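The values are calculated or read from the model by the stated rules, or taken from the named source; none is laboratory data. Quick caveat, the model's predicted, so the values are computed rather than measured. Using ideal geometry, Cβ is built from the backbone for each residue, glycine included, and neighbour counts are taken over all protein chains shown. Keep in mind that these areas ignore ligands, DNA and RNA; they rest on the heavy atoms of the full protein, side chains included. Shrake-Rupley method; radii C 1.70, N 1.55, O 1.52, S 1.80 Å.
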Amino acid sequence: MGGLVLLPEYAAVLNPFSEEGRKIASNAPPFEQMPEETIKTAIERIKWSGREAIVEPTAQSIEREIHSFYLMCQSLAAVCHPYSAETQYARESVKKVLKYRLYDLFRKGEGEFCLKTIGRALNLLPLEEFIKQRKELPESDYYRLRDLRMKKDGVEEVDPHLLQQFLPKWAVKWTDVGIVFKHNRANLTDFYLIDGWMILTLRDLWDLYAELIGDQTEEYIQTVYERMTDRGKPERLVKIGEQIARQIPKTVERLPGVRGVAGKLNPEYFPPCIHNVLRGVGSGLRNFAIVMLLTPFLSYARIAPSGKRGDKISDFIQNISVITEEIVPIIMKAAERCNPPLFSDQPQEKANIFYHMGFGMTIAPRLQDAGRSKWYMVPNCAKIQAVAPPLCQPDELCKKIKNPLTYYFRKKAEALRRRSQ
Amino acid sequence: MIMRPATPEEIKRFYREEWNKKDLPDFITHTLSLREFGFDLDGSGPSHRYNQFLTLEQLEEFLRVRAPYSAYASVALYENPRKREGWLKADLVFDIDAKDLPVKPCGCPKGQVCYKCIEQAKQVALEFADVLRRDLGFRQIVFVYSGRGFHIRVLDEFAMRLEHNERQQLVSYVTGAVVPTDLSLALGYSKVFRERAAKLLRLMNEEKLREVVKRRAFKNLLRFKDQIVQYLLEGRVDDILSLEGIGAGTLEALLTGLARINSEFTDGKVTVDTKRILRLPSSLHSGVSRKCMVIKNLDSFTPDDAVPRFLLEAGGKDAQH
């Protein structure tokens, strides 16, 4: 059994958005009286990777943990937009810390406490209970799920004690972790679903729960950001936020396989789906083709933000004419070729173009507006295929790539290579 | 029974004599004032948008007076439907259009429908609904005959709160649009994919098979097609690979191709669009002269159950399409 005596408030350490967590946060002192130690923790915690993430089971340590967590989120919201690399980094950091804590607590025999805390955030049924209430799990699937998880973790053999972590033991309602699918952090098709419940090993559960809290953190930062946009950003938070942001490596997330070179757009390298959009499409496909596909494609292809995603356009260009004179005219022409022309019956979609490039709902974008909305990424080929099958007429290169942008950059790189030879 | 466009007089007659507000399903009448209504008044497209009806009588009057070519209601419920503002939730919809089925054993060209295509679309709708219940736990599932196919409407509260990405993921799951990491699991997505892929492969003719694999591999696939279908259903990947001339590359190309075609059995953009307008159950599909209607028993349904009175009286019974 557990060697620690955990206060009920310790649940907040595993879920800052739990009732306990919110209660502790609501009792936080005003900024001016915030202990220096808490501020220091808020700044440094984004870089935690190991034992420093462990929280002592004392009321004071729990309080510092929760106050510093909320201070980190609010400070980031004061300096970064919700889709920024910094926010993504914070989300990943929260996930890492949480998984470390769960692992550590299980090791110390506090598994029951962890499961109880997790069970309050989502419907959690022990597998035997699920089987009793609902449906039998085929024995072959039980062992296959174990093997698949071991394979995923690169484990071939484990001692009997650790084996428990790889056995299917839990059932969770998939809709309870809907936020994870909403943010596309996991694929529903990767889970074993019966009657709306996912059958999980303990390791799956840790991953999923960490993902859930990570996504909730991201949404919390977004909420605070929107509130601050309306009411102004406290100077003290901005200073702390800047200190946190300075610790984050510049390149956070690379789009796999994409190494782009910025430069004038060359339609010769466009993939077949983009050519199809440029020729104009019918009424059911117009919005997706022009707003969701062509706009992100042209902006990312032209600006080629070093494979980073989620950043603002203004981080990569100095002049708005790149948007207004190089990208927008192509979009307008394609929209005009649609049947019926997109902007003639849906003029509001013009603002949506700029919204998808991160300028918010406007028809007169300015560089300083970049980051008001998300700079949407080019949808993957699978999504285009699912949402707009007529656009997808793959050629040989299409079979080797998963995103139209990769197609463009590959073709462009090949052409550059040929030229240099 | 013949499927042909209705004349303006027939449309008027339908709304004047046959349409009844009692034919509107509860999921529409109970949320009437929260939905946006759209109309295609003359067959040129649904351009008359942003309409709100506070009472059934208002809707009734509009339909009787204007007799639209097509009538639509939003899948979304809004605080202010007239401006499409204050999105509250939306029916989760899967649109299976018989004219767009990617493989049609009846031989109908894409874009056209016959009763056989509609029967095929019906089977797809039943299979999708089975996955929605069995794997995903949805309970309130309603089938609507749209005139040229079927709409599955999922009305569980948690389904209606789902946003764009979750709906996209559901499309992939239900249609079998992703090759699973493991093909041997008896239940779950592995089973969904195997069943959908095997069914599709069975239906594919030579021409369609050529679309997914190269020429040399194609011959072997054709030769062992029935065995592959059986092994695929049973999750016996090793047995597929033991067939002469079927290597890992061929199998991968085949499975990827099947997954891609699987995704075409429903129009994914209808499912993910949480503000879409969809043909109003009880209204007339004037393009084919059929009533768009909620189906109580899909198993026994045929499009003849949806023939409007004007067509019956026109004596089109023998004019098979």
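Under a point-charge model restricted to the Cβ atoms of Lys and Arg (+1) and Asp and Glu (-1), what is the dipole moment magnitude of the protein assembly as shown relative to its Cα centre, in debye to the nearest 20?
2120
If ligands, DNA and RNA are left out, what is the accessible area of residue B:4 with a 1.4 Å probe, given in Å² to the nearest 10?
60
Peptide A:171-177: average number of partner chain Cβ atoms within 10 Å per residue?
Details: counts 0, 0, 2, 7, 10, 1, 0.
The per-residue average across the peptide is 3.
Taking N as the number of residues in chain A, what is its Cα Rg relative to 2.2 N^0.38 Å? Don't skip to the end; give the middle numbers.
Numbers: Rg = 24.4 Å, N = 421, 2.2 N^0.38 = 21.9 Å.
Taking N as the residue count of chain A, the ratio is 1.12.
So how exposed is residue A:345, as accessible area in Å² (1.4 Å probe, rounded to 10)?
80
Quickly rank B:263-273, B:100-110 as a protection proxy: mean count of other C-beta atoms within 10 Å, highest first.
B:263-273, B:100-110
Would you work out the charge dipole size for chain A about its Cα centre, treating the Cβ of every Lys and Arg as +1 and the Cβ of every Asp and Glu as -1, and quote it to the nearest 20 debye?
1620
Over the whole of A:377-389, what's the average partner chain Cβ count within 10 Å per residue? Rounded to a whole number, please.
Working: counts 0, 0, 1, 0, 1, 7, 8, 1, 7, 16, 10, 3, 9.
The per-residue average across the peptide is 5.
Rank these by accessible area, largest first, 1.4 Å probe: B:196, A:51.
Ranking B:196, A:51 by accessible area, largest first, yields A:51, B:196.
Report the one residue of A:84, B:117, B:253 whose Cα lies farthest in the direction of the positive end of the charge dipole of the protein assembly as shown (charges on C-beta: Lys and Arg +1, Asp and Glu -1; origin at the Cα centre).
Going by the charge dipole, the pick is B:253.
Give me the net charge of residue B:258's neighbourhood, meaning all other residues with Cβ under 13 Å from the Cβ of residue B:258; Lys, Arg count +1, Asp, Glu -1.
Working: positive: B:194, B:196, B:199, B:202, B:208, B:225, B:260; negative: B:195, B:211, B:252, B:264.
Charge balance near residue B:258 sits at +3.
Can you tell me the relative contact order of chain A? Whole percent, Cα pairs under 8 Å, sequence separation 6 or more.
16
For the cross-link pairs A:383/B:116; A:182/A:400; A:264/A:411; A:400/B:219; B:99/B:269, which exceed 18 Å when the distance is taken from alpha carbon to alpha carbon?
Over 18 Å Cα-Cα: A:383/B:116; A:182/A:400; A:400/B:219.
At 1.4 Å probe radius, can you tell me the per residue accessible area of the protein assembly as shown in Å²? Don't jump to the answer; show the numbers that get you there.
Numbers: 33370 Å² over 742 residues.
Heavy-atom SASA per residue in the protein assembly as shown reads 45 Å².
Can you tell me the dipole magnitude for the range B:177-265 around its Cα centre, using point charges on the Cβ only (Lys, Arg +1; Asp, Glu -1), in Debye to the nearest 20?
Computed charge dipole of the range B:177-265: roughly 280 debye.
Just by accessible area at a 1.4 angstrom probe, what is the order of A:412, A:264, A:47, B:21 from largest to smallest?
Solvent-accessible surface, decreasing: A:264, A:47, B:21, A:412.
As I understand it, the dipole of the range A:264-421 uses +1 on the Cβ of Lys and Arg and -1 on the Cβ of Asp and Glu, about the Cα centre. Which of A:324, A:346, A:299 lies farthest toward its positive end?
A:299
Could you state how much accessible area residue B:275 has, in square angstrom rounded to the nearest 10, with a 1.4 Å probe and all protein chains kept in place?
About 80 Å², ignoring ligands and nucleic acids.
Give me the number: length gained by fully extending residue A:128 to residue A:51, i.e. 0.36 nm times residue separation minus the C-alpha to C-alpha distance, one decimal in nm.
Values: separation 77, 0.36 × 77 = 27.72 nm, distance 3.45 nm.
Answer, rounded to one decimal: 24.3 nm.
Counting just the Cα atoms, what span does the range A:8-218 cover along each of its three principal axes? Round to the nearest Å and put the largest first.
Principal axes ranked by extent give 60, 35, 33 Å for the Cα atoms.
Quote the relative contact order of chain B in percent (integer), defining contacts as alpha-carbon pairs under 8 Å separated by 6+ residues. All intermediate terms of the calculation are to be shown ahead of the outcome.
Numbers: 566 pairs, mean separation 83.5, N = 321.
So the answer I get is 26 percent.
If I model a spin label at residue A:58 and residue B:233 as a point 7 Å from the Cα along the Cα→Cβ vector, what separation in nanometres do I get?
6.8
Give me a single rounded figure for A:141-148: the average over its residues of other chain Cβ atoms within 10 Å of their Cβ.
Taking the mean over all residues of the peptide, I get 3.
Can you put B:70, B:33 in order of accessible area, largest first, using a 1.4 Å probe?
If we order B:70, B:33 from most to least accessible, we get B:33, B:70.
Could you work out [θ]222 nm for chain A from helices alone, using -39500 (n - 2.57) per DSSP H run of at least four and dividing by all its residues? Round to the nearest 500 deg cm²/dmol. The partial results should precede the final answer.
Numbers: 19 runs with 209 residues, N = 421.
After summing the helix terms and dividing by residue count, I get -15000 deg cm²/dmol.
Within the range B:60-80, list the residues whose amide N lies under 18 Å from a label point set 7 Å along Cα→Cβ of residue B:50.
B:72-80
Go through A:375, A:355, A:386 and say which Cα lies farthest out towards the positive end of the charge dipole of the range A:343-408; charges sit on Cβ, +1 for Lys and Arg, -1 for Asp and Glu.
About the Cα centre, the residue reaching furthest to the positive side is A:375.
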